[in-house]
Amino acid sequence: MFTLLRQENRKLMHYRVIQLFIPFIMIFQFIIAIYAAHYPQLLTPYDAFVNNDYGFIPILFLTITIGSTYLTNERQNGTLRALLYRSYSRTQVLVSKWLTILGLMIGLSGFSTLMSLGLKLSFFRRLPNYGTIWHTWGLNMLSTGLTLLFLMSVVLLLGTLFTSSTPAILTGIIGYFIVTIFNQLCFYLYAKVSWLKWNPLNMINLGEQIQTPQLQQLTRLNLSTLTIGYIAYLLLFLTLATYSFQTRNV
């Protein structure tokens, strides 16, 4: 298993898009920080910092793209079949790829966080504390991480269902926007139809509800129940992905 993980990490690091992404996210966050410094009436330095200079946005789209296409590309290239012909089970191959993508997500998020801290020290050293700036920043990072992790479980399931990379990417990205839009609309429905609150779209609000406990009035679930639902759906999507991969031809 450790050999597989080393191979997958080495393979992922040779992706051209990932090699270009590091300087891209540095430039992206630098531009956001400069914009906040020069146009605080449109984007305050406080909002820029507590949201990690919005570095989660490009990370989100990169991980959706990688997660959606990681299996489909290898299926098309024939490298996936070569792995399965060796002494590795399908579950081992799949889990190694998932852990590699998770490691990529954590690594990029950590890099983005360090970049945001560096920009704060460079441009916003005298940023008003408002008494809770570090607390808000930490909760924002937790909320973003939980949301991204949940979305990735869905994207990884999609990656096992498609044989072509293009529809996998499109479905993943379009699905994100649909989730974002309908999540807001669903709050109204939860008040009218109680059982709808158990749908997976509601569970994606876990991070937001940790950050803003008053959100319970909209989700109709307390934090403990929402956490259990979040974990249950996360495991469900990963189980379905495993079953899909086990039963499909490669």
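Descriptive notes on the structure:
- Close pairs (6 angstrom Cβ cut-off, 6 or more residues apart or separate chains): farther than 14 Å from Lys120 by Cβ in segment 133-150, of a type outside the set (Phe, Trp, Tyr) and open to solvent by 40 Å² or more (accessible area, probe 1.4 Å) anywhere: Leu139/Gln211; Ser143/Glu208; Ser143/Gln211
- Residue match in segment 59-77 (condition: modelled with pLDDT of 75 or more, more than 30 Å from Leu240 (Cα to Cα) and surrounded by 14 or more Cβ atoms within 10 Å (Cβ to Cβ)): no
- Within segment 225-250, the set of residues being aliphatic (A, V, I, L, M) and within 18 Å of the chain's Cα centre (by Cα) comprises Ile231, Ala232, Leu234, Leu235, Leu236, Leu238, Ala241.
- Leu201 vs. criteria modelled with pLDDT under 90 and of a type in the set (A, V, I, L, M): yes
- Residue within segment 216-230 that is crowded, with 16+ Cβ neighbours inside 10 Å, within 19 Å of Trp98 (Cα to Cα) and in contact (Cβ under 8 Å) with a residue 24 or more places away in the chain present: yes
The values are calculated or read from the model by the stated rules, or taken from the named source; none is laboratory data. Values in this document were obtained by computation on a predicted structure and should not be read as measured data. Neighbour counts are summed over all protein chains in view; Cβ atoms, including those assigned to glycine, are modelled from backbone coordinates with ideal geometry. Side chains are part of the model used for accessible areas, which takes the heavy atoms of the whole protein and leaves out ligands, DNA and RNA. Shrake-Rupley method; radii C 1.70, N 1.55, O 1.52, S 1.80 Å.
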